[in-house]
Amino acid sequence: MGQREMEVNKMRCLILFLVFLMVSATSPGVTSTADHIEDPAPPASLGGVWDDSPSGGLYGIISYDDVVVVYNVNSEVSCAIMENFTRRRGIPPDRVVGVDVPERESIDRDTFNTLRTQVESALQDRKLTQKINYIVTTKGVPLRVWGPGSSGSASVDSELALILGPYAGYIGGAYWIQNPYYGENERFSREKYGFYLVTRLTGYNLSDTLSLIERAERSGGKRGIFLLDVDPGKGGGYAAGNRWLRDANSTLRSMGFETYLDETTTFITDFENCSGYASWGSNDGHYSTTWNKNQGFEEGLNHWEFAGEGEVMLNTSYPYRGGRCLEVKKNTTGDFIIAQNVSVRGSIAYYISGHVNMTGGVVHFTAEVFTSSGALLLREKGGTVSGFTSGWALLRQLPLKPLPPTASKLRIVINISGKGEFYFDEIRLLEVKPHNTWIPGAIAETYVSSSGRTFTWPPYYGQSAIADLIREGVSGVKGYVYEPYLSAMAEPDILFPRYVSGYTMGESYYMASPFLSWRGVVVGDPKMCPYGLQAEITSSTVLKEVVNPGEEVRIAVNVTNIGFGDIRDLPLTLHLEEAGLPDLNAVINISQGQQVVVWFNFSAPTPGTYRVRLVLNEEETIPFMSSSGAEAEVTFRVNSPPEVLWMSSSSPYVRRGCNVLLSAEVRDVDDGLLPLTFSSWIIGPGGVNATLEMSLENSTLSATFTPPLSWDIGFASLHLVVRDPWGGCVHDTLNDAFFVLNNPPGVSNISWTTEVRRGSLFTLNLTLNDPDTPAHMLEVSSYLERNEERVELEERREGGEVTFTSLIPASIKTGLYDIHLTLEDGINSTELLYPKAVDVLNSPPSIKLLSSPPNVLVRGEVVKLDVLGEDLEDPKGLLELRMEVGEGVEVSAERLLPGRWEVSLEAIRNAPLGPTELTIWVEDSEGGSSFPLILTFELINAPPEVRIISFELTSPGNKGDLLSTLNAVIEATDPDSGEGVELILNFTGESPFTVNLGRVNGRAHFKMIIWGNLTPGGWMMRATVVDSDGGVNSTEWITFVVVNSPPQILSAEAIASDEGASLTLHIVDPDLPPGHSLTLQVLSGEKLIFEGLVGMGEVTVELNLSSPVESLTLNVSDGYSYSTLTIPVIRPAENATLEGREEGGGVLPVALALAGAASGVLIAAYIYRQKRRGSVQR
């Protein structure tokens, strides 16, 4: 800045300062204690920035009397910040010091000493040395001082902290001194600790700086999250930084504050609602994020665009970093463009950097920002490099302020003009982090060596800068103008716990920082203390939790001052919008550590449950006041009185002495039914009252009421009162709930003879009932009636007990009769009908046994009983005689005139044998039935009958030989059954057998051929019958004999031949049946030569002989007997004939007898076989 410009600025500051003095002099409650003002004045106008900041603020709430503001009279921004801050905080003019120094961030020791002297002189001249605790420097006041030597470089603020005190001799010395306030936990006093707490109001521009002032005012009571970002890769000497973060997390959590401790390898960004922040900043191993692609051309030419006059290639010989770089050769003066499109996010700050190595020409680059639709939002130009660089040079960085919210795409454009060879590498688009969102009052610390190196835009990025955090929205932060070492950091485990305990921002940072006269700079309002003034609603009680509409609601609120100072004019608001009422407000003054009780009174609104809010300092009229416990809720209920939904009577009419059910449904919408109480009564005819006790079930009240007999006739009403515990009450009346009536006469205990026979006595008993009329005054009559027949009943009474009787005439018809009753009490008449109540019955006939029945009865036997049948009601009417055997098997029915009868028992012949029960009774024409006669006897079977009518053997030959036929006629019957009998013929002989002729009823003819059925010998035959009941009978045995005639060989001749012999014989058998054969055997000695069947007559047999034989033996058999003959064998040479002779004449009969014995077996077998085939004839 030239000398003329400096003079102009001084004049402007002077005019502005004079205006400030005039405003301050007329402000109420502000008094200047300065005798004179020697400082240069600020300028008169700063382009309207004053209008952007509200007036008022913290003045009168937090005292700034111990604060001095230092500004640079040569800086418009510094003057503007001074004016804004002092006005807002009520700082008087004698606490404002203007210094005349160059407007630059870095100064040497001589310039610093000039600045120091001006500040010290102002404090001493105004006698403020021991009256102030804080010094606030502003943007425009130099930031850092270098020398002597590298160890003597420091921040201006850290050196000013030591002026005019015991440590002033250390100013400008090497390195640092220990901070005596480090680690303390009490309010700061310059008198005790010997130095000033110095903070700075600064930022990239005036707007950023004024935002610090404004955010401090809005910091009271805000709560957010403390973000503590650990870099797990830091160890060794850096491990302490991570330990501070972890310890801060534990302490804050134990104090009830919300934290987020991140120990991952991710550098946290975009964190919301941040109230405190500490991290390694750009020293975090994972901080840098490159947004564009292929920034080092390791992927070839991908993602880049090229246009214009020039040759592009990849070079691996001269990379700035990595394996290769981009080489562009230009032999023309035309432009050549290198560009890349990058996706970006709105509201985030970025910067572009790159490196170039060139032999000539000019290079500059531009950033263009577009919306997603392609609309250009802004264009920023970067630095320019020209000529020969003799190696790699840095393209001047292009910082971009936070992009517009609609930003979507950024285009990096590198423009090359002129001839030469150009090499490019590491062209990067980087984001400025952490871009969090911050609550007012948020403070921060980053472990970055040069984070406070500059507050001038645009910055140069190598390390992150706290000016970006201020632009993002922090309210307080500490940075470092030169390398301070990790041990100089404001330790988070002290910084944050002190801050949330109610200490000011300045106190908190200095208690957390070990060194003075060193390189730290604290930015922000030093007396900002969001947690300092602190009041809370310790309790809130509604005097009566349930009230009725219109009743007064009283709420008591206990408010306690738990902060560090007195609180004046603290607003307390009761929000009643939920109750539909206007809010109520109170203003409270509370001394430190005291408690007050505030009462709010208002009329209860409509029924319902209301939750109303109590809020302290809702409009933040008291900045810096914590809102911990500043809100509370009180719930009260406006009672809804109970309701009667309906009332009813079970009947519109009720007779005196009778019951009626009275009901009502009630509801209480807010308390339910259990707490309710009820009272009810009946208002009867004529105004009489009767108490009614009603019981509750679910939501229904009910009670049974009986109108007294003494009540008049007329209408009665029900009145009901329902009360809840809170005094809510409802009255309801059901007018004309029922009409009281007279009781008609009635009866009870009624009984009668339900069945009565004609000629018998009928009885009806009853009790007269009438609650209104004595029994002796009632009239009653009764009769029986069916169709047109009627029987009058006679009354006999004793008190209220009445008996009706009548002898039922024999002339009336039987059937069901109705009972009619008539009762009268002089007012009402009652007709009672009991339909079909009496069954008039017939008198039945009778039957009597006059003779004794048998104990045993043979079925089919004719037996008669002598009985007497009578009907006294109808002596000439026919009676029906009926009999049943066993259970309901009727065997006889006939109609007879009453009298003496003979009853035959023949009808029971089909009854089952054994013990038999016979029931006999009579019935008259009306269905009347006598008592039955029950006779018990043993019914036995009549045996079947059989006899042989004829028996005969007939034969064409000898009677009784095998050619005979047996003929027989048998008669078989069952005398007590017409079903017939089973007929069986029994044969007894050598082989006994039977022939079943089946069921026979009468004569049966039997015929059987002897041959094949009977063997020769003696036989017997008899007939046996079996009836259906198992009865058996047989005839006597008939004896007869069967004889056999043996076969005979009349002649025989055997003539030898060369092959054997030819046998010719003649055979006869007198009783061989036609078609039957004989058996022939031929033997030579004992050797059987031939065996076969032959017929009668002449028979020729050719014999095969293996050797000549002399004679042959012939045997002929008919199966029962045989004949034997031995003959010689005739040889032709002999020419002779031998007469056959019968050998063993004495033996033959024996042989025949044996044969006969054997034939008997064959005959028996044959007979049996023929019988099975059904060939036996009868």
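Every read-out reported here was derived from the displayed coordinates using simple, explicitly stated rules and does not represent laboratory data. Owing to the predicted nature of the structure, the values given are computational and were not obtained by experimental measurement. A quick note on method: Cβ atoms are made from the backbone with ideal geometry, for glycine too, and the neighbour counts reach across all protein chains shown.
Tabulated data
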{"item": "Principal-axis tilt of helix 206-217 within the chain, Cα atoms, nearest 10 degrees", "result": "60"}
{"item": "Fewest-first ranking of 417, 151, using other Cβ atoms within 10 Å as the exposure measure", "result": "151, 417"}
{"item": "Under 26 Å from residue 478, Cα to Cα: lysines that are on another chain or at least 8 residues apart", "result": "131, 139, 192, 222, 234, 401, 433, 527"}
{"item": "Within segment 367-463, chymotrypsin sites (Phe, Trp or Tyr not before Pro) in DSSP loop having at most 13 other beta-carbon neighbours inside 10 Å", "result": "388"}
{"item": "Segment 173-187 - phi-based ³J(HN,Hα) in whole Hz, Karplus 6.51/-1.76/1.60, Gly and Pro as x", "result": "x, 6, 6, 10, 10, 5, 8, x, 8, 4, x, 6, 9, 7, 4"}
{"item": "Cα-based helix-to-principal-axis angle, 239-254 vs the chain, degrees rounded to 10", "result": "70"}
{"item": "Reach of residue 544 by Cα under 14 Å, taken over aspartates and glutamates that are not fewer than 8 positions away in the same chain", "result": "552"}
{"item": "Relative contact order of segment 954-1035, defined on C-alpha pairs under 8 angstrom at six or more residues apart (%)", "result": "33"}
{"item": "621, 773, 199 arranged by Cβ crowding within 10 Å, fewest neighbours leading", "result": "621, 773, 199"}
{"item": "Of 930, 417, 457, farthest towards positive along the dipole that unit charges on Lys, Arg, Asp, Glu beta carbons give the chain", "result": "417"}
{"item": "Loop-resident sites, segment 209-295, for GluC sites (Glu not before Pro), counting at most 11 other Cβ within 10 Å (DSSP)", "result": "272"}
{"item": "Segment residue 689-residue 1104, length gained on full extension (0.36 nm per residue, minus Cα span)", "result": "134.4 nm"}
{"item": "Pair residue 577, residue 544: separation of 7 Å Cα→Cβ label points (nm)", "result": "2.9"}
{"item": "Whole-number percent relative contact order across segment 498-651, with pairs defined as alpha carbons under 8 Å at least 6 apart", "result": "26"}
{"item": "Distance from segment 865-900 to segment 809-841 (C-alpha centre basis), Å", "result": "36"}
{"item": "DSSP-assigned coil residues among GluC sites (Glu not before Pro) in segment 730-808, each with at most 11 further Cβ atoms within 10 Å", "result": "788"}
{"item": "Degrees between helix 109-125 axis and first principal axis of the chain (Cα, 0 to 90, nearest 10)", "result": "80"}
{"item": "Inter-label distance, nm, simple model (7 Å from Cα along the C-beta direction), residue 795/residue 299", "result": "12.4"}
{"item": "Cα shape, the chain, gyration tensor, a/c 1.5 rule", "result": "oblate"}
{"item": "Inter-probe distance in nm under a simple model that places probes 7 Å from Cα toward Cβ, at residue 1087 and residue 114", "result": "18.0"}
{"item": "Fewest-first ranking of 658, 325, using other Cβ atoms within 10 Å as the exposure measure", "result": "658, 325"}
{"item": "Euclidean distance of C-alpha centroids, segment 640-665 and segment 1072-1124, integer Å", "result": "131"}
{"item": "Between segment 375-440 and segment 1014-1057, the Cα center-to-center distance that results, in Å", "result": "149"}
